[in-house]
Amino acid sequence: MRLKDRVALVTGGNAGLGRGIALAFAREGAKVAICGRREEKLQQVVKEIEALGAGALGVKVDITNSEDVKNMFVETVERFGTLDILVNNAGIFRSDEAGVQDRKNHLDLVTTPIPARSLSITKNMSDENWKKMFEVNVHGLFYCTREALKIMEDKGYGKIINIASISGISGISAHSPNYSASKGAVVAFTRSLGYEVAGAGICVNCIAPGYIETDEFMRGINSMDPETRARFMQLMPTRRVGKVEEYAALAVHLASEEGNYMVGQIISPNGGLVIAA
Ligand code: NDP
């Protein structure tokens, strides 16, 4: 029970990695608020958290709306009395309307030698696609952080965990320049904010994952032909993608007292993807 009686808010906690973190926090005794835009998914995860015996709150919010974000923090404090932990997990990978097909395309691209790739991605990107990525992955993350700091500075305690990506520290997503740039911004923001608020008792850190087997990600993997899938796995010296539990355990560590001396760090669970590149 490393998070007993702590109050956490996990943005994008209604799916994928955010759901994994929300459930891991609940197992460690935290009360957990989650947010996302899909009501049905929110209610589903709220039930899963409650089934673990933890307090749960689902808030339907689009984090690109700063007023709605403010209200979400008010609602969380009204419900649970305070806020100790913020996980800035909500994020998008594609800024156009993309689904599994694009995820598959991404995986195919990272296994294709660079000279064979089209060089038309950045020069053909629309203003809208570039900006949309930053609206969610950077601006939304900032709105949430700003509200959390108002609560945490008053109490002299807090943990903020920003979720970036391996794409923010390596060139692996050369075909998604807007995604890479947005996650690079999250990395830099973590270091700067970590320095700014450590003296106020707030630890800010960042997890920059490689490939983790969420349901959606695995749908992409499973739609690859066997040869491409094998080539993809060769990218990692571990020859596998990470498990959600392995990743969520890191978030628990950073959110708990065990992580009290971690400040402004960028930790990348990636199966060796970067050292192999
Ligand atoms: P998913 O697409 O499965 O989940 C994204 C979550 O973010 C959903 O809960 C979604 O909820 C929420 N979300 C998206 N946009 C908004 C918004 N505008 N307002 C509120 N909530 C929003 O992605 P993953 O779980 O795979 O990724 C989670 C994080 O981890 C992201 O930041 C991603 O970049 C990062 N990451 C993931 C990796 C992986 O291997 N899976 C690798 C590297 C980084 P809803 O749609 O209901 O709004």
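All of the numbers you see were taken from the coordinates with simple rules; none came from a lab. Being a predicted model, the structure only gives us computed values, none of them experimental. With ideal geometry, Cβ positions are generated from the backbone for all residues, glycine too; neighbour counts draw on all protein chains shown.
Observations
- Over the stretch 7-276, relative contact order from alpha-carbon pairs under 8 Å, at least 6 apart, %: 19
- Placing dummy labels 7 Å off each Cα toward the beta-carbon, the span from Asn129 to Asp225 is 2.5 nm.
- Top of Ala208, Ala24, Ala188 by mean-square fluctuation, Gaussian network on the chain, Cα under 10 Å: Ala188
- The alpha carbon convex hull volume per residue for the stretch 98-241 rounds to 131 Å³.
- Kirkwood-type radius of the stretch 225-272, with distances r between different C-alpha atoms, in Å: 12.7
- Gaussian network model of the chain, Cα within-10 Å springs - most flexible of Lys31, Lys123, Lys47: Lys123
- With R₀ fixed at 30 Å, the C-beta to C-beta distance from Asp62 to Met233 puts the FRET efficiency at about 0.25.
- Cβ-based exposure ranking for Cys203, Cys35, in which fewest neighbours within 10 Å come first: Cys203, Cys35
- The stretch 104-183, relative contact order [Cα under 8 Å, separation at least 6], %: 39
- The calculated FRET efficiency for Glu40 paired with Lys70, based on their beta-carbon distance and R0 = 25 Å, is about 0.50.
- P(r) weight above 33 Å for the chain, C-alpha pairs, percent: 19
- Rg and Dmax of the stretch 1-103, Cα atoms only, in Å: 13.5, 43
- Annotation for Glu50 and Thr122: the two label points, set 7 Å from Cα along the Cα-Cβ direction, are 4.9 nm apart.
- Gaussian network model of the chain, springs between alpha carbon atoms under 10 Å - residue of Gly36, Gly259, Gly12 with greatest fluctuation: Gly259
- The residues Tyr261, Tyr247, when put in order of fewest to most other Cβ atoms within 10 Å, stand as Tyr261, Tyr247.
- Ranked by how many other beta carbons lie within 10 Å on average, peptides 262-275, 154-167 from highest: 154-167, 262-275
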